[in-house]
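The values are calculated or read from the model by the stated rules, or taken from the named source; none is laboratory data. Just so we're clear, the structure is a prediction, and the values are computed from it rather than from any experiment. Don't worry about glycine lacking a Cβ; one is built from the backbone with ideal geometry, like all the others, and counts go over all protein chains shown. The area values use the complete protein model at the heavy-atom level, side chains included, leaving out ligands, DNA and RNA. Shrake-Rupley method; radii C 1.70, N 1.55, O 1.52, S 1.80 Å.
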Amino acid sequence: LHRTLRKLIHDTALQEGIDPDRLSFTHTVKVVRRQVVRRALSPPPPHGPDPGRGDR
């Protein structure tokens, strides 16, 4: 999980054109945790994921 979050930080920094060291690991953990909980609590779409949303 640690490596996955570090890769997420690295990829995001590259995409935004900033130094990865400027992004907080703790903040990343909080953002990812919120997204995981939000997805776990929201019901799935009635006919599967919406292809336009980029769900995989």
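In a fully extended conformation the segment linking R33 and I18 would gain 3.1 nm over its present Cα-Cα distance, using 0.36 nm per residue. Label sites at S42 and K7, each approximated as a point 7 angstrom past Cα along Cα to Cβ, lie 2.4 nm apart.
Computed on protein heavy atoms with a 1.4 Å probe, the accessible areas place I18, I9 in the order I18, I9, largest first.
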